[in-house]
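Every number here is computed from the coordinates shown, using simple stated rules; none is lab data. In this text the structure is predicted, and so the values were computed from the model without any measurement. Here the Cβ is made from the backbone with ideal geometry for all residues, glycine too, and neighbour counts use every protein chain on show.
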């Protein structure tokens, strides 16, 4: 068999790319007025960013466990390398690391230190190594090496979302909004 690569829905990989490299995906969650949408599974309204009371949630430990166990079985014992959204941006990585520890040394969890396609690039690099016949240690090393090469930037258009998530305080949100600031984050 071969090492199986798992990522989360933040990677934004095309379904054909997922199939080509046999990458498994754990959904993240978008929460709006009590409705829990599983990213990549449930249809999410196009205008959701304009709605009130929208937040996100990392991958659920139960979802991580289910996907990792299936990937382990499909690997024939060769192992799983899981590449997830930056630990600095989401609780997904810490939940994934905890699940990985529970399942043993055949599951390696890598912090992509990135978001969106940065996560996807790391996952694809790992999957290419796995497809080429690399063992678990080599696939993990490839993922870690690629994660060190990723650099991404985002522009924050609405500071109220950062305030609600606790990433900035009320005063910073108010002042930034009053001055029409659009922070560029790396």
Fewest to most neighbouring Cβ within 10 Å: what's the order for 170, 7, 56?
-> 170, 56, 7
Rounded to the nearest 10 degrees, the helix 117-131 long axis (Cα) sits at an angle to the longest Cα principal axis of the chain of 0 degrees
Checked region 101-186 with the C-alpha gyration tensor, a ≥ b ≥ c its square-rooted eigenvalues, rounded below a/c of 1.5, otherwise prolate if a/b is larger than b/c and oblate if not; verdict prolate
The chain - mean residue ellipticity at 222 nm from DSSP helices (-39,500 (n - 2.57) per run, n ≥ 4, rounded to 500) | -12000 deg cm²/dmol
Bridge type composition, the chain - antiparallel percent by DSSP, nearest 5 = 45 percent
If each residue's Cβ is checked for other Cβ atoms within 10 Å, how do 37, 68 rank with the fewest at the top?
-> 37, 68
Which angle from 0 to 90°, rounded to the nearest 10, does the C-alpha axis of helix 61-74 make with the longest principal axis of the chain?
-> 30 degrees
Based on the mean of other Cβ atoms within 10 Å per residue, sort peptides 90-99, 71-80 so the most packed one is first.
-> 90-99, 71-80
Per 10 Å bin, what percent of the C-alpha pairs of region 68-148 does each bin hold, from zero upward?
-> 21, 53, 26, 0
What length, rounded to one decimal in nm, is gained on full extension from residue 131 through to residue 94, with 0.36 nm per residue of separation minus their alpha-carbon distance?
-> 10.6 nm
Extent of the chain along each principal axis, from alpha carbon coordinates, in Å, largest to smallest?
-> 56, 34, 31
Between helix 136-147 and the chain: long-axis angle, C-alpha atoms, 0 to 90°, nearest 10 = 30 degrees
